[in-house]
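One structure is given here, and the rest of the page talks about it.
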Amino acid sequence: MEYEIRPATLADVPGIAEVARHTWNVTYAQSIAAHNREQFLERAYSHYALRQAIRRESRWFYVALQMETVVGFAHYLRRFDAEGELARIYVHPDHQRRGIGRALLAIGLGAMAADGVGRCYVSVAVDNAGARAFYEKFGFRLRRTYGRFLGDQLIHLAEYVIPVTDFPDTRQRPTTRARRG
């Protein structure tokens with residue numbers, strides 16, 4: 001199977017929202033109450049919010065496509081302190097473990113490095129062992145843990161950081177094809 005990674009466009013918004021909704025409901029079904037998941041998804045992944053995120057200055061937003069269908073995405077931001085943040089990265093469960101997440105990391109961290117960003121931070125739920133293993137596999141280091149409310153529920157988060165030039169594939173170009181057979 002072949003996947004294409006490219007900058008997100010406004011036409012990708014419905015696909016991004018669908019991947020987010022499906023992935024969130026699968027990943028957090030046991031740890032985040034349904035009403036809190038729904039409230040978060042309505043706020044963070046509404047078509048309006050996604051269009052604003054794609055249009056925002058100081059951001060990099062990429063989609064992974066299979067035959068023009070969005071199967072994953074990653075959204076990076078330049079923070080107020082001139083560091084970077086991986087705000088969100090999701091790959092549809094049916095397309096995980098095929099190199100898409102790694103390709104999304106490589107292209108985003110490469111764009112940050114090219115723009116002079118030194119480090120990238122990412123936060124993930126402490127109980128999301130799969131995501132934590134993913135980041136650790138690629139050299140992200142645990143910086144701290146903290147709590148944040150999501151609706152009426154306290155979520156425990158782990159914050160990771162990586163110098164963007166430490167990621168092995170930061171020189172990939174904005175349009176990338178990953179082949180899986």
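Rule-based calculations on the coordinates, nothing more; no lab input. What you see is a predicted model, and the numbers here were worked out from it, not measured in a lab. Heads up, the Cβs are rebuilt from the backbone with ideal geometry, glycines too, and the neighbour counts pull from every protein chain shown.
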With +1 on the Cβ of every Lys and Arg and -1 on the Cβ of every Asp and Glu, and nothing else charged, how large is the dipole of the chain about its Cα centre, in debye rounded to the nearest 20?
340 debye
GluC sites (Glu not before Pro), restricted to the stretch 11-103: which are DSSP loop and have at most 10 other Cβ atoms within 10 Å?
E57, E68
Counting only complete DSSP H runs, which helices of the chain cover 20 Å or more along their long axis at the Cα atoms and score a mean Kyte-Doolittle of -1.0 or above?
13-27, 100-114
C-alpha center-to-center spacing [the stretch 1-41, the stretch 74-131] in angstrom:
15 Å
Taking Cα pairs under 8 Å and at least six residues apart, what relative contact order does the chain come out at, in percent?
26 percent
What ranking do W24, W60 get, fewest neighbouring Cβ atoms within 10 angstrom at the top?
W24, W60
Whole-percent tail of the Cα-Cα distance distribution for the stretch 40-108, cut at 13 Å, equals 67 percent
So what's the back-of-envelope 222 nm ellipticity for the chain, counting only DSSP H runs of four-plus at -39500 (n - 2.57) apiece and dividing by all residues, rounded to 500?
-10000 deg cm²/dmol
